[in-house]
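Down below is the structure, laid out as structure tokens.
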Amino acid sequence: MDSHPMISAIPIITRTGAQFQQVRGTVDNHFAHVAPSSLNLNGKPLRAMFATQSARDHIERIFGMGVMAPPDWRSLGTYPQSPAVQNRTDVTAESHHSSGGLVAAFESMCQVAANSGKWLGNAKHQHNKTSLADYIEHNFNAVWKPAALAAYAGAQASITAGSPTGTTASHQVALLAVQFSTLQTARFDYGEIAQSILNSTANEQWNESK
């Protein structure tokens, strides 16, 4: 969005509740969003900043992604958590931390990324695929990952301190440990991510980079 004509200065990022969801969970099998919240730019929903359906669909996919347990989770004897407990653990990780947990970490990461952008409002991209990939990779690894890991660690400490011997608490701590480890070792194709962003915004009327 570095070229969007409606944004000629660093935008203010604020978080909102989840607005999109790929599928609906059930009481028995909860749905947990991957992104901990949705975003507003200068008070406007991110989706509203785009005119084309491809760009809007891309936003909905990003913020509507989530996870659910497999349909046969009850019959899997090694499945560590009920979906309801997983969702509660996710909420714990989001809410417990001195700086606000995962949601605040996500909002902060987006604002830091925005602060380092070039918002000229001239309808000409400041990034190509390579530079955009580098930009995404840097902000994920230098900003999001340490803040999210701190939120997971804080949640583990909170649960352990509050109920160190409870079965549910032990399960929650174990699940958070898995999430912590998964984030530590996460690897992505940042070039592919950057290209998908460029493709989804290519037909925006204000995009004159073609």
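The values are calculated or read from the model by the stated rules, or taken from the named source; none is laboratory data. Since the structure is predicted, the reported quantities are computational estimates derived from the model, not experimental observations. Neighbour counts are summed over all protein chains in view; Cβ atoms, including those assigned to glycine, are modelled from backbone coordinates with ideal geometry. To get the accessible areas, we keep the full protein, side chains included, count just its heavy atoms, and leave off ligands, DNA and RNA. Shrake-Rupley method; radii C 1.70, N 1.55, O 1.52, S 1.80 Å.
Some notes on this structure:
- Filter result for GLU137 (at pLDDT 85 or above, out of contact with any His (no Cβ under 8 Å at 6 or more places or on another chain) and acidic (Asp, Glu)): yes
Here is a yes/no grid of residues against (1) touching a strand residue (DSSP E or B) at 6+ places or on another chain (Cβ under 9 Å); (2) part of a helix (DSSP H, G or I); (3) closer than 21 Å to LEU46 by Cβ:
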{"position": "ASN122", "(1), (2), (3)": "no, no, yes"}
{"position": "HIS125", "(1), (2), (3)": "no, no, yes"}
{"position": "ASN141", "(1), (2), (3)": "no, yes, no"}
{"position": "ALA148", "(1), (2), (3)": "no, yes, yes"}
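- Only listed residue being at pLDDT below 65 and under 19 Å from LYS145 (Cα atoms), chosen from SER116, SER82, SER99, SER108: SER99
- Count of residues meeting criterion [modelled with pLDDT of 75 or more, open to solvent by less than 50 Å² (accessible area, probe 1.4 Å) and either under 17 Å from THR14 (Cβ atoms) or assigned to a strand (DSSP E or B) (or both)] in segment 42-70: 3
- Candidate set from segment 179-198 (those that are without any contact (Cβ under 8 Å) to a residue 24 or more places away in the chain and of a type outside the set (Gly, Ala, Ser)); member that is nearest to ALA157 (Cα to Cα): THR182
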